[in-house]
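The values are calculated or read from the model by the stated rules, or taken from the named source; none is laboratory data. Everything numeric in this text was worked out from a predicted model, so none of it was measured. So basically every Cβ, Gly included, is an ideal-geometry build from the backbone, and we count neighbours across all protein chains shown. Side chains are part of the model used for accessible areas, which takes the heavy atoms of the whole protein and leaves out ligands, DNA and RNA. Shrake-Rupley method; radii C 1.70, N 1.55, O 1.52, S 1.80 Å.
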Amino acid sequence: MTAGGEGERTRVLVIGAGQAGLSVSWYLRRLGLEVGRDLVVLDRGPGTGGAWQHRWESLRLGAAHRVHDLPGMAELGLGFADADRSAPARDVVADRYARYEDALGLDVRRPVEVTGVTGLGDGFSVRWAGRASSGGAPAAATGPGFGALRAEVVVNATGTWGAPFVPWYPGRDTFRGRQLHTSDYRAASELEGLDVVVVGGGTSAIGFVLELDGVAASTTWVTRRPVDWLDQGELDVESAVAAVAAQDRAARAGQALPSIVSGTGVPRTRRFVSGIERGVLVERPMFATVEPDGVRWADGTSAHADAIVWATGFRPELRHLAPLGLRSADGGVSVEDGASTLDPRLFFAGYGPQASTIGANRAGRAIARQVVARLSESDAERRRQG
């Protein structure tokens, strides 16, 4: 890619090289698309691994944080079944995804951020900014740049990591201490000796509370709704199916997507049970206000805080698609079976019911087939026109 105009054209552009983008790319390659001429993959991250490359150092792969194989991984000898669970999850995933990309010959261009997508009569104009490296060249070799390219079909696989959600509470902006989101958290040592309030009822929040135990001066755990602890140590299939169905209904209706955790509950892993038995995992209801030096509940009780960790989830990252006018009055975008209901040339991978690794894998094949069918229709139309 070169800085400046729209000299480059490709048939399919995949935005994002996390689990969803790689899954779709695998099937597109299997269906005969050639990298460069037919298929270009852009990724904002500095390295491989999707959102996993940004996770905190202490996070390990396990029952609460699992990564399922991408399509073809087992055949390539890259499956996660034998992954090192003592190494940081971000390193394990980054290594396997890097080898996966190499095996597919994807030549992912990174770090390149898509800043805007505009619809055209024959496809899309996609504006980008970043250090446009490709062909295996170091990103720094080409320096910062910007430009645009044309694509007949766009597959958006940007996930949620770039759109952290922090709910507003009265007084939040008056807090004098440190506020950080899950996406900012790196290590418990950064909060050593501080009074910390952790907000959230998912596995990330629970992990933070356990990691901060004995490191922070005190830890107060608050949740916006009571934690639905599951009796088993892993997520049950029935809960997962119900949560995915709820996501699918919202996506089809163009509504804001519901929380996955609220529909599945939290498995009682051995580590979590130990935390409960030791009295570390004691949840309190959500506070009513934030004060300069802490938080206060509706009953008047308060807790001092030097830092607040907002483990409150993410929203789909769709800002770059704003020029397409896809947002509904309910705040979502209407997506059915991975395809935009407003523009049949635009597909969403890893959105709504596809957000898990399993969902992304299943959707990858379905989306790839739809993309190829769309290209075939375009070819047929061009032949009819002469």
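How many residues, within region 12-46, are open to solvent by 20 Å² or more (accessible area, probe 1.4 Å) and of a type outside the set (K, R)?
Counting residues in region 12-46 that are open to solvent by 20 Å² or more (accessible area, probe 1.4 Å) and of a type outside the set (K, R) gives 9.
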- Tally the residues that are of a type in the set (V, I, T), open to solvent by less than 40 Å² (accessible area, probe 1.4 Å) and more than 14 Å from V209 (Cβ to Cβ), restricting the search to region 270-311. 2
- Query: When the residues of region 185-196 are filtered to those that are modelled with pLDDT of 95 or more and open to solvent by 30 Å² or more (accessible area, probe 1.4 Å), which remaining residue is farthest from the chain's Cα centre (by Cα)?
  - Reply: G193
- Counting only residues that are within 27 Å of T203 (Cα to Cα) and surrounded by fewer than 21 Cβ atoms within 10 Å (Cβ to Cβ), how many does region 320-352 have? 1
- Item | Test result for P164, out of contact with any helix residue (DSSP H, G or I) (no Cβ under 9 Å at 6 or more places or on another chain) and either surrounded by 15 or more Cβ atoms within 10 Å (Cβ to Cβ) or over 23 Å from R270 (Cα atoms) (or both) | no
- Query: What tally of residues in region 209-222 results from selecting those that are buried (at least 20 other Cβ atoms within 10 Å of the Cβ) and either over 14 Å from I276 (Cα atoms) or β-branched (V, I, T) (or both)?
  - Reply: 5
- Kindly indicate the residue of region 351-362 that is assigned to a helix (DSSP H, G or I) and farther than 11 Å from P71 by Cα and also modelled with the highest pLDDT among those meeting that condition. G352
